[in-house]
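So that we are looking at the same thing, I have put the structure below in structure tokens.
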Amino acid sequence: MAGNEKLYGVLALQGDYEKHQQSLTHLGARTIFVKTLDELSRVHALVIPGGESTTMLRLLDYYGMFDILRKFGAQKPIFGTCAGAILMARTVSSPAQKSLDLMDMDVERNAYGRQVDSRIVRLDSALGDLEAVFIRAPIIRRTGPGVEVLASYLGDAVLVRQGRHLAASFHPELTGDTRVHQYFMDIVEA
Amino acid sequence: MILNEAFRTKIGLAEMLKGGVIMDVTNAEQALIAEKAGAVAVMALIRVPSDIRKEGGVARMSPISVIREIQHTVSIPVMAKARIGHFAEAQVLEALKVDFIDESEVLTPADEENHIDKHPFAVPFVCGCRNLGEALRRIGEGAAMIRTKGEAGTGNVVEAVRHMRTIMRELRQLTTLRSDELMVFAKNHQAPFELIEYCHNHGKLPVPNFSAGGIATPADAALMMQLGAETVFVGSGIYKSPEPEQFAKAIVKATLHYNDPAKVLEACEELPDGMPGLDVRQIKQEELMAGRGW
């Protein structure tokens, strides 16, 4: 089965990393949680889960992982959801914070509002009709010419690809639908 | 099952907080320290539990101005406590757009029979529990996150351990039953039948299960995570220790690497001493907080 060769890491500093692992495992991928540099060095592709981007950023800094993760991204595929997408952006606002600059896009944090404004919607996407769970979600305010928009909501890109990297401002891992994870695995296996 | 759309977005936020530390704060300055140290969320409350315990009187929801200032100061989720049964305090907190409401035994209960009906709220709730039946009653009322109660403000982890062990043991027992034994289990544990069925089928609660009440050292945090907590709440421990920021960082590290003793050792070495603790058995029965809520 596809996926038996590559080892997928799920960054597990905090957040819904277990949900991502379940989606990948369901598709037959081999996975490990990545909490250390040693674990990062073993994987062929990485998922940065939903969670709190500020918190993840602090922990990446404290444990000396930030620059190494950026180097990882320069060579290997990364899929980020919500907080993960924020970390992968070129610039981040509201408030401004540093990011890995792996994709040519600008992201505004918590742009739909606070938790009471979280929602579940249906989207038309390049992968077909998708259920999208937005939780204190960011908005991708700008995408560069090299970025392919795979789905939009209210006029803003919500699922984007640039080369080997994939990012979503919503949480495919919180639905039973594994098509977005399959799409990422297809990138990795290609 | 109650997993409708609104409930799923509520549980969704709880999922985002897994594997982290939620820190009690009483003002914006403390909230900033918590965020810097790597907290996944802050919990606004009027006084930390050990001060509530010491000073007595009625403990209520935090002053609105303080919560607002915290919301403006940090970008991580801001939670706030409401008194048990005080749905009007909860309505105010929802209007203020806090990200999570803790219907908490740490504050003085406003209703000694009923908890808040949490389903009509758009904002998610977390509630305390001591066992599986209590957890499922709160989830039945609409709680999107459960935390074991422990005994807040003591710096003593013994009750947190008791409550986490109880709930995990009862979950394991439930999974071994035949389906025709579930109704009597529901009866004995005074829990909604459909939630008993869910736990029987899945071997876990339908919402995340966090731990609170008495966690005072990095090793305490690692202990609770190994016993099954998915995130820990730390209250009085941080700001009652001599170096709050260092303490908070060490707890975050131990929670992240809870099953790596070498890393927990590093966390332990990073701080001088935990807060002074209380022997729970020396506390008068009427002063115990975990008994509040029903």
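Go through segment B:152-188 and report how many residues are of a type outside the set (Gly, Ala, Ser) and closer than 30 Å to residue B:59 by Cα.
12
All but one of (1) under 24 Å from residue A:60 (Cα atoms); (2) within 14 Å of another protein chain (Cβ to nearest Cβ); (3) within 16 Å of the chain's Cα centre (by Cα) hold for residue B:234, so report the exception by its number.
It fails just one condition, (2).
Something else now. Before we move on, is residue A:23 small (Gly, Ala, Ser) and at the interface with chain B (Cβ under 10 Å from one of its Cβ atoms)?
Spelling it out, it is not the case that residue A:23 is small (Gly, Ala, Ser) and at the interface with chain B (Cβ under 10 Å from one of its Cβ atoms).
Now for a separate question. With the requirement that a residue be surrounded by fewer than 20 Cβ atoms within 10 Å (Cβ to Cβ) and of a type in the set (A, V, I, L, M, F, W, C), what does segment A:149-166 give you?
Of everything in segment A:149-166, those that are surrounded by fewer than 20 Cβ atoms within 10 Å (Cβ to Cβ) and of a type in the set (A, V, I, L, M, F, W, C) turn out to be A:149, A:154.
Do you know which of the residues in segment B:157-206 that are touching a residue at least 12 places away in the same chain (Cβ under 8 Å), of a type in the set (Val, Ile, Thr) and out of contact with any Leu (no Cβ under 9 Å at 6 or more places or on another chain) is nearest to residue B:225 (Cα to Cα)?
The selected residue is B:158.
Considering only segment A:149-174, how many residues are of a type in the set (Gly, Ala, Ser) and assigned to a strand (DSSP E or B)?
5
Check A:149, A:107 and return the single one that is touching a Leu at 6+ places or on another chain (Cβ under 8 Å) and of a type outside the set (Asp, Glu).
Criteria check complete, one pass: A:149.
Say whether the condition of being at the interface with chain B (Cβ under 8 Å from one of its Cβ atoms), under 22 Å from residue B:34 (Cα atoms) and without any contact (Cβ under 8 Å) to a residue 40 or more places away in the chain is met by at least one residue in segment A:102-110.
For segment A:102-110, residues at the interface with chain B (Cβ under 8 Å from one of its Cβ atoms), under 22 Å from residue B:34 (Cα atoms) and without any contact (Cβ under 8 Å) to a residue 40 or more places away in the chain: present.
Another one. Quick check on my filter: what residues within segment B:1-45 are modelled with pLDDT under 90, assigned to a helix (DSSP H, G or I) and either within 24 Å of residue B:152 (Cα to Cα) or not acidic (Asp, Glu) (or both)?
Passing the criteria: only B:6.
What's the number of the condition residue B:195 fails, among (1) part of a helix (DSSP H, G or I); (2) closer than 21 Å to residue A:59 by Cβ?
Of the numbered conditions (1) part of a helix (DSSP H, G or I); (2) closer than 21 Å to residue A:59 by Cβ, the odd one out for residue B:195 is (2).
A quick yes/no check of all residues on (1) in a helix (DSSP H, G or I); (2) of a type in the set (Gly, Ala, Ser); (3) away from every other protein chain (no Cβ under 14 Å):
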| residue | (1), (2), (3) |
| --- | --- |
| A:8 | no, no, yes |
| A:13 | no, no, no |
| A:18 | yes, no, no |
| A:28 | no, yes, yes |
| A:33 | no, no, no |
| A:39 | yes, no, no |
| A:46 | no, no, yes |
| A:54 | yes, no, no |
| A:67 | yes, no, yes |
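Continuing with this model, one more query. Which of the residues spanning segment B:15-61 are basic (Lys, Arg) and within 12 Å of chain A (Cβ to nearest Cβ)?
B:18, B:36
Any idea how many residues of segment A:13-55 are over 21 Å from residue A:189 (Cα atoms), surrounded by fewer than 24 Cβ atoms within 10 Å (Cβ to Cβ), touching a residue at least 24 places away in the same chain (Cβ under 8 Å) and acidic (Asp, Glu)?
Of the residues in that region, 0 qualify.
Are there any strands (runs of 3 or more DSSP E) wholly within segment A:85-148 with 3 or more residues that are exposed (fewer than 15 other Cβ atoms within 10 Å of the Cβ), and if so which?
A:119-125
Being within 14 Å of chain A (Cβ to nearest Cβ) and surrounded by fewer than 17 Cβ atoms within 10 Å (Cβ to Cβ) narrows it down to one of B:190, B:226, B:246, so name that one.
The unique qualifying residue is B:246.
Take residue A:176 and decide whether it is within 29 Å of residue A:6 (Cβ to Cβ) and modelled with pLDDT under 95.
Here the answer is yes, as residue A:176 does meet what is asked.
Provide a single number: the residues in segment B:53-75 that are under 19 Å from residue B:286 (Cα atoms), in contact with a Leu (Cβ under 8 Å, 6 or more places away or on another chain) and not charged (D, E, K, R).
Number satisfying all stated conditions: 1.
Right, next: Any residue at all in segment B:80-90 that is of a type in the set (Lys, Arg), closer than 21 Å to residue B:214 by Cα and modelled with pLDDT of 95 or more?
Taking every residue of segment B:80-90 in turn, at least one turns out to be of a type in the set (Lys, Arg), closer than 21 Å to residue B:214 by Cα and modelled with pLDDT of 95 or more.
The values are calculated or read from the model by the stated rules, or taken from the named source; none is laboratory data. Source: prediction; values computed, not measured. All Cβ positions, even for glycine, are placed from backbone atoms using ideal geometry, and neighbour counts span all protein chains on display.
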